[in-house]
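Data block below; observations after.
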Amino acid sequence: MPSPSPSQTTTPAVPTFQDAQQSATNAASWVEQNWSTWLAIGLRVVLILVIAAVLRVMVRRAITKLIDRMSRTAQAVDGTALGGLLVNAERRRQRSQAIGSVLRSVASFLIMGTAALMVLASFQINLAPLLASAGVAGVAIGFGARNLVTDFLSGVFMILEDQYGVGDVIDAGVASGEVIEVGLRVTKLRGDSGEIWYVRNGEVKRIGNLSQGWATAGVDVTVRASENLDRVKAALDQVAERMSKDEPWNELLWGPIEVLGLDSVLLDSMVIRLSAKTMPGKALTVERELRWRVKRAFDEADIRIVGGATAPVEEVVTPDPTATTAAPSVYANAASPQSEAATPIPPVRPPAK
C-alpha cells in the first residue's frame with residue numbers, strides 16, 4: 001500500500017503570534033466598550049443590596065420597638081384587678097414574641113424578595129416567565145398545603161386579637177381545658193383529667209374563654225313545699241353574709257350572693273336559686289362551698305332538703321313468724337272427704353257358691 005504523500009496530509013493550524021495579538025486586541029476593545037455598562041450594573045446591584053439590608057434592619061428594629069411599647073402599655077393595666085387577670089406576664093411575653101416574629105419574617109421576606117427581583121432585572125433578565133412560574137408554583141403549594149395555611153393564618157389572627165393565652169380555660173368545641181401553649185399552628189390544652197389536647201387553629205370555629213371578665217356561680221336548693229319561706233330565706237341570707245366576709249371567699253366573690261327567689265314550685269317541692277358573680281374560673285369552687293354551707297345551715301335550722309319529689313315515709317312492719325310456714329294439707333286427715341275420695345277402691349270378690 002503506498003504511503004500518503006506529504007501534500008495529502010493535513011496538519012492542524014497553529015495560531016501564530018499575530019492571531020493571539022489580534023484576539024487580545026479584540027478582548028481589550030470589548031472590555032473597553034462595555035466596562036462602563038458592567039460597572040454600572042455592579043454598582044446598581046451593590047446599591048440595591050445595601051439599601052435592602054439597611055431597610056431590613058430598620059424595619060425589624062422598628063417592629064421590635066413597637067412590640068416593646070405594646071408590652072409596656074399592657075403592663076400599665078396591671079394596677080387594676082381585672083388587668084392583672086386578663087394580661088399576665090407569660091401571656092404578654094408569648095404574645096409579643098409571636099407577633100414580633102411574624103411581622104419580622106413578613107418584612108424580611110418582602111424586602112429581600114423585592115431586592116432579588118430588582119437584581120435580576122438589572123441583568124436584563126425577563127421576569128415575566130419567572131413570576132408566572134412562581135405564581136403557578138405558589139398556587140399548587142397553597143392548594144396542597146391549604147390546611148397548613150389555614151392553621152397559620154388562624155393562629156396569626158388569634159394572637160393579634162388576643163382571643164386567649166397561656167393560663168386561660170377555654171372551650172374550643174373539639175376540646176376544652178387550660179391553655180398551656182399557644183402556637184401559630186397548634187394550641188396545646190390540658191384537660192380536666194390531665195390529658196393534653198393538640199388543637200389545630202384552623203379547626204377551631206368558636207372559642208369560649210372562661211377566664212376573661214367574670215363568671216357566675218349558680219346554686220339551686222330544693223326544699224319541701226310545706227317549708228316556711230321566711231325561715232328558708234333567713235337561713236340563706238345568713239349563709240350569704242358569712243361567706244362574703246370569710247377568707248378566701250371574700251376575694252373570689254366579686255359581688256354579693258343574691259337569693260333570686262323561687263325558680264320553680266311543684267306539688268311537693270320548690271326550688272330556690274342563689275347566684276353570685278365570681279372571679280373567672282372560680283365559679284365551680286364557689287358553688288361547692290356554697291352548697292356545703294347551705295346544707296349545714298339547713299340542718300341547724302331543721303329545714304329538709306329534698307331531691308325532686310319528696311320520698312314517702314315507709315312504715316316499719318313487723319314480719320309474721322308463721323308467714324313462712326305452709327298450711328296443713330287436708331290429705332293429712334284420713335277421715336276427710338278428700339282422703340276418702342283419694343283412697344283406692346278395694347277389689348270386689350265374687351260371691352261363694
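The values are calculated or read from the model by the stated rules, or taken from the named source; none is laboratory data. This structure is a prediction, so every number in the text was calculated from the model and none was measured. Every residue, glycine as well, gets a Cβ built from its backbone with ideal geometry; the counts of neighbours run over all protein chains shown. To get the accessible areas, we keep the full protein, side chains included, count just its heavy atoms, and leave off ligands, DNA and RNA. Shrake-Rupley method; radii C 1.70, N 1.55, O 1.52, S 1.80 Å.
So here's what we get for this one:
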{"quantity": "Distance between modelled label sites at Asp299 and Ile51, nm, 7 Å Cα→Cβ extension", "calculated": "8.3 nm"}
{"quantity": "Karplus (6.51, -1.76, 1.60) ³J(HN,Hα), θ = phi - 60°, over the range 280-290, in Hz, Gly and Pro reported as x", "calculated": "x, x, 10, 5, 5, 5, 5, 4, 5, 5, 5"}
{"quantity": "Extreme residue, positive dipole direction of the range 109-238, given options Gln212, Val149, Leu184 (C-beta unit charges)", "calculated": "Val149"}
{"quantity": "Efficiency of FRET between Asp220 and Arg190 - r from beta-carbon atoms, R0 25 angstrom, step 0.05", "calculated": "0.25"}
{"quantity": "Ile303 - accessible surface, heavy atoms, 1.4 Å probe, Å² rounded to 10", "calculated": "10 Å²"}
{"quantity": "Efficiency of FRET between Leu260 and Asp162 - r from beta-carbon atoms, R0 35 angstrom, step 0.05", "calculated": "0.55"}
{"quantity": "Dipole-positive endmost among Trp197, Val221, Met243 within the range 189-260 (Cβ charges, Cα centre)", "calculated": "Trp197"}
{"quantity": "All lysines inside 25 Å of Lys277 as judged from Cα atoms, apart from same-chain residues fewer than 8 positions distant", "calculated": "Lys233, Lys245, Lys295"}
{"quantity": "Span from the the range 97-139 Cα centroid across to the the range 248-311 one, whole angstrom", "calculated": "64 Å"}
{"quantity": "Cα centre as origin, Lys/Arg/Asp/Glu Cβ charges: the range 98-219 dipole, Debye", "calculated": "440 debye"}
{"quantity": "Label-reachable residues, the range 106-124, where backbone N falls under 13 Å from a point 7 Å from Leu66's Cα toward its Cβ", "calculated": "106-108"}
{"quantity": "Tensor-based shape of the range 199-267 (alpha-carbon gyration tensor, a/c under 1.5 rounded, otherwise prolate or oblate)", "calculated": "oblate"}
{"quantity": "Relative contact order of the range 144-185, defined on C-alpha pairs under 8 angstrom at six or more residues apart (%)", "calculated": "42 percent"}
{"quantity": "Net charge of Cβ neighbours under 13 Å - reference Ser105; Lys, Arg +1; Asp, Glu -1", "calculated": "+3"}
